[in-house]
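J.: Take this structure first; my questions come after.
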Amino acid sequence: MERGKLVNIVLSRHSSQPVYQQIHNHFSRLIKSGKLTPGQKLPSIRTLSQRIRVNKLTIIQAYSYLEADGLIYARQGAGYFVNRVVASDLTLRSRNISYTESHFAPAQKVIISEGGSSFFEQYIASLQAQHTTGIIDFSSGFPRSHGVDNLQKIAKRALAKPLDNLFRYDFPEGQLILRQQICQMLLQQGLEVLPEELIITSGSEQGISLTINYYLQRGDWAIVETPTYHGALSILENIGAKVIGIPMTGAGMNLELLEQYLKSHRPKLIYTISTLHNPTGITTSLTHRQELLRLAQQYECPILEDNAYEGLNFDKGTAPIKALDNNNLVTYISTFSKTLMPGLRVGYMVVTGKHYRELVKQKALHDMHVSTVSQAIVSEYLASGQFRRHLNRLQTHNLQSRNAMLQALESYFPEAVTWTIPKGGLFLWAHLPDSFPIQAICKEALAQNILVANGAAFFPGVGYPAMRLNFSHNIEQIEIGIKTLGNLLKKYSSLVAQASLVAQAGKPVQ
């Protein structure tokens with residue numbers, strides 16, 4: 001588009017809509033329609049201010065909102081440019097690849113607890129990989145480091161304030177100002193809660209542990225999705241709970257099988273990840289959430305909703321199941337570990353009704369309270385107004401990385417392998433044929449400096465061969481890593497085919 005037409009903005013000075021919003025909407029339409037192309041430079045703040053006769057601050061405000069929406073980015077000393085990946089565009093096509101249609105359709109087999117989760121081993125392996133040069137780690141649940149310099153400035157600001165509140169012990173439910181800020185943040189996700197219904201936790205992992213230990217005793221039945229987060233499986237195993245794994249479909253937990261086992265086993269808890277499921281990346285629809293809650297209400301079974309990746313949606317997400325809950329049946333947990341900084345260890349849980357006080361007591365017995373310093377840093381970051389912009393940058397980077405991994409999978413993986421297409425988060429889930437020796441593949445991949453998460457860890461018993469792949473890497477690492485994995489999978493595909501032919505040749509003629 002010609003530069004002159006970029007500034008041909010018709011402003012209504014008498015409109016109820018602010019001028020900066022009109023400017024924002026003008027450029028937003030041009031970008032989303034493709035009239036402004038990726039990498040194209042926008043008019044400078046001074047130029048645009050002079051051409052349309054508005055204050056420079058108005059232009060800065062409009063550009064800031066475009067940047068927060070993931071539509072443009074600023075290059076220091078050079079100006080503003082259209083992003084190469086628009087975060088709101090979920091129907092991208094390249095090399096005739098659909099980025100919205102998943103062919104994930106595993107066998108619908110219920111798994112009854114057999115124990116043996118390898119969460120600890122995988123966690124330690126990922127930590128070791130971080131300190132080993134040359135390893136591409138697709139296995140971890142850690143986000144890419146982003147915006148750390150900015151966070152350092154905010155941390156200094158938080159610690160420059162009077163230290164009295166940071167020095168003393170604090171209430172186990174967490175600092176009031178942080179809980180108030182989280183309430184405002186959750187309201188934007190469709191979940192309206194009070195500060196008195198929030199507990200600040202040491203990451204979401206502590207929220208999972210507190211809830212499981214509150215609702216379950218040794219020998220009680222619990223329902224999980226299969227596959228599911230292996231950290232939760234380890235906690236369930238540790239307390240001696242018996243686990244029923246209900247298989248995932250492309251739309252979420254199989255609700256027909258869920259009802260069958262709610263009726264036959266009367267479990268004491270349902271553990272579900274409704275948004276950007278770990279490990280599959282699937283997000284359930286509003287209808288699925290409503291039906292799951294209806295079944296839980298019918299069979300009087302509490303729900304633990306673990307939405308640790310909620311802030312990493314590429315698009316506006318569906319309100320959590322907790323937002324539909326009028327009977328205090330759902331405990332909702334999330335964290336800043338995936339969106340801000342894992343090392344801060346700040347998460348939170350929403351607990352309503354009679355359960356709140358007891359869970360606060362349990363929190364105090366765990367660790368008294370979350371570090372006051374960590375809480376102060378997160379609070380200062382939220383108060384700065386930069387969190388939304390930070391999230392949009394993360395989402396844009398992750399979308400670009402996800403698309404790069406999808407293209408690499410299409411190029412290098414054998415046709416027999418299928419995968420999910422997440423609309424956010426950090427992971428996708430690759431489903432291998434039953435004949436593929438997943439453990440041998442993972443071992444050989446590591447010998448070639450590629451660390452992947454063996455899907456076996458995400459099942460409460462024997463599942464199907466699969467890999468969880470973290471796509472939040474740079475594009476070069478994705479290309480190298482997926483090409484290496486693809487060559488391995490093709491080798492094993494050929495070996496399996498040869499073994500099958502030999503077996504067929506050895507059969508007697510009927």
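J.: Can you tell me which residues in region 261-286 are of a type in the set (S, T, N, Q) and either surrounded by 19 or more Cβ atoms within 10 Å (Cβ to Cβ) or in contact with a Ser or Thr (Cβ under 6 Å, 6 or more places away or on another chain) (or both)?
T.: First, the residues of region 261-286 that are of a type in the set (S, T, N, Q): 264, 272, 274-275, 278, 280, 283-285.
Scanning region 261-286 gives Thr272, Ser274, Thr275, Asn278, Thr280, Thr283, Thr284.
J.: Of all residues in region 358-383, which are within 22 Å of Lys153 (Cβ to Cβ) and not β-branched (Val, Ile, Thr)?
T.: Ser371, Ser374, Gln375, Ala376, Ser379, Glu380, Tyr381, Leu382, Ala383
J.: So, one more: Determine which single condition Gln297 fails, assuming it passes every other condition in (1) farther than 25 Å from Ala105 by Cα; (2) surrounded by 24 or more Cβ atoms within 10 Å (Cβ to Cβ); (3) modelled with pLDDT of 95 or more.
T.: For Gln297, the failing item is (2).
J.: Kindly provide the set of residues from region 160-173 that are among the acidic types (Asp, Glu) and either touching a residue at least 24 places away in the same chain (Cβ under 8 Å) or in contact with a Phe, Trp or Tyr (Cβ under 8 Å, 6 or more places away or on another chain) (or both), ordered by number.
T.: Asp170, Glu173
J.: May I ask you to verify whether Gly481 is closer than 30 Å to Lys338 by Cα, out of contact with any helix residue (DSSP H, G or I) (no Cβ under 7 Å at 6 or more places or on another chain) and at pLDDT 90 or above?
T.: yes
J.: I would also like to ask the following. Tell me the residue from Leu198, Leu210, Leu191 that is in contact with a Lys or Arg (Cβ under 7 Å, 6 or more places away or on another chain) and within 13 Å of Leu304 (Cβ to Cβ), please.
T.: Leu210
J.: Of the residues Gly203, Gly245, which single one is small (Gly, Ala, Ser) and under 28 Å from Thr339 (Cβ atoms)? Even if it seems obvious, please write down each step before you answer.
T.: Numbers: Gly245 fails: under 28 Å from Thr339 (Cβ atoms).
That would be Gly203, the only listed residue that is small (Gly, Ala, Ser) and under 28 Å from Thr339 (Cβ atoms).
J.: Looking at region 298-327, which of its residues are of a type in the set (A, V, I, L, M) and touching a residue at least 60 places away in the same chain (Cβ under 8 Å)?
T.: Listed by number, the residues that qualify are Leu304, Ala308, Leu312, Ala319, Ala323.
J.: Something else now. Go through region 389-433 and give me each residue that's touching a residue at least 40 places away in the same chain (Cβ under 8 Å), surrounded by fewer than 19 Cβ atoms within 10 Å (Cβ to Cβ) and not in a helix (DSSP H, G or I).
T.: Pro414, Ala416, Thr418, Pro433
J.: Another one. Quick check on Arg289: is it of a type in the set (Lys, Arg), buried (at least 19 other Cβ atoms within 10 Å of the Cβ) and over 22 Å from Gly141 (Cβ atoms)? Talk me through it step by step, then tell me what you get.
T.: On the way: of a type in the set (Lys, Arg): yes; buried (at least 19 other Cβ atoms within 10 Å of the Cβ): yes; over 22 Å from Gly141 (Cβ atoms): yes.
Here the answer is yes, as Arg289 does meet what is asked.
J.: Between a residue in region 174-197 that is at positive phi and assigned by TED's automatic domain parsing to the domain that holds Ser334 and any residue that is in a loop (DSSP other than H, G, I, E, B) and not β-branched (Val, Ile, Thr), which pairs come within a Cβ distance under 6 Å, given they are 6 or more apart or on different chains?
T.: Gly190/Ala319
J.: Can you tell me which of (1) crowded, with 20+ Cβ neighbours inside 10 Å; (2) farther than 18 Å from Arg389 by Cβ; (3) at pLDDT below 90 is the one Pro143 doesn't meet?
T.: (2)
J.: Shifting gears a bit: Are any residues in region 434-450 within 19 Å of Ala499 (Cβ to Cβ) and either of a type in the set (Val, Ile, Thr) or assigned to a loop (DSSP other than H, G, I, E, B) (or both), and if so, which ones?
T.: Listed by number, the residues that qualify are Asp434, Ser435, Phe436, Pro437, Ile438, Ile441.
J.: Assess whether Thr331 counts as being touching a residue at least 40 places away in the same chain (Cβ under 8 Å), surrounded by fewer than 21 Cβ atoms within 10 Å (Cβ to Cβ) and touching a Leu at 6+ places or on another chain (Cβ under 6 Å).
T.: no
Yes/no per residue for (1) in contact with a Gly (Cβ under 6 Å, 6 or more places away or on another chain); (2) not in a loop (DSSP other than H, G, I, E, B):
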| position | (1), (2) |
| --- | --- |
| His288 | yes, yes |
| Glu291 | no, yes |
| Cys301 | no, no |
| Glu305 | no, yes |
| Ser337 | yes, no |
| Thr352 | no, no |
| Glu358 | no, yes |
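J.: Could I ask something else about it? Could you list, in sequence order, all residues of region 174-200 that are under 18 Å from the mean Cα position of the chain (by Cα) and more than 21 Å from Ala319 (Cα to Cα)?
T.: Within region 174-200, no residue meets the criteria.
The values are calculated or read from the model by the stated rules, or taken from the named source; none is laboratory data. The shown structure was predicted, so the numbers you read here are calculated from the model rather than taken from an experiment. Glycine gets a Cβ as well: all are built from the backbone with ideal geometry, and neighbour counts include every protein chain shown.
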